[in-house]
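These notes concern the structure reproduced below.
Bear in mind these aren't lab numbers, they're just calculated from the coordinates by the rules spelled out. Just so it is clear, the model here is predicted, and its values are computed rather than measured. So basically every Cβ, Gly included, is an ideal-geometry build from the backbone, and we count neighbours across all protein chains shown.
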Amino acid sequence: MTIEKSIKLSVLLKEKHIDLELKEHSKKKLLTELVDLAAASSEKIKDPKEFLGALVKREKLGSTGIGNGVAIPHAKSESVRDFVLAFARHKEGVDFGALDGEKTYLFFVLASPQDNVGGHLKILAEISRLVKDKFIVELLKRAETKKEILKIISDHEQ
């Protein structure tokens, strides 16, 4: 997928890559659950274990828990053929090492090809812009269906 000037998260995010009921509570197990979601029904991630390793390595640099109940675990990897975006929610929230010390409820997982740094950064910027708005975060926390999640994202894109 070629990344244009504006990134449409609603185009990247597919219903099959949305989970509204994450189960795990430890960060390590949660990352595995998120990778499984991103790799589900997708040939874009050739080696999920390698991508998980890249995510874990990225988390060691600093938590991707950006605060406001949101985390954006992301990594570039040789095993990723094209961008994959997944969204997941944890009803009780988990300690993900967020910058504000609060629990994390919403997770946007981004898998990117190793050699597309520009696209990776543009997608991260668009996710960050979206979740900076506490109103949107609340809508995402309360959405009852996957279609509702996609509509909220689509309605609030630039």
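Available extension along the chain between GLU21 and LYS132 is 37.7 nm, counting 0.36 nm per residue and deducting the alpha carbon span. In units of the compact-protein estimate 2.2 N^0.38 Å, region 10-129 shows a Cα radius of gyration of 0.95.
Using a 10 Å Cβ count of at most 11 others and DSSP loop calls, identify the longest part of the chain lacking such GluC sites (Glu not before Pro). Between the exposed loop sites, the longest stretch runs 44-143.
Full extension of the chain between ALA125 and GLU78 yields a length gain of 14.7 nm, computed as 0.36 nm times the residue separation minus the alpha carbon distance. The slack in the chain from LYS103 to THR145, taken as 0.36 nm per residue of separation less the alpha-carbon distance, amounts to 12.9 nm. Using Cβ point charges alone (K and R +1, D and E -1), the dipole size of region 76-146 about the Cα centre works out to roughly 200 debye.
Report summary: the helix-based calculation at 222 nm, which adds -39500 (n - 2.57) for every DSSP H run with n ≥ 4 and divides by the residues of the chain, gives -12500 deg cm²/dmol. Only the Cβ atoms of Lys and Arg (+1) and of Asp and Glu (-1) were treated as charged; on that basis the dipole of the chain about its Cα centre amounts to roughly 100 debye. Looking at region 55-158, the trypsin sites (Lys or Arg not before Pro) that sit in a DSSP loop and have at most 15 other Cβ atoms within 10 Å of their own Cβ are ARG81, LYS103, LYS132.
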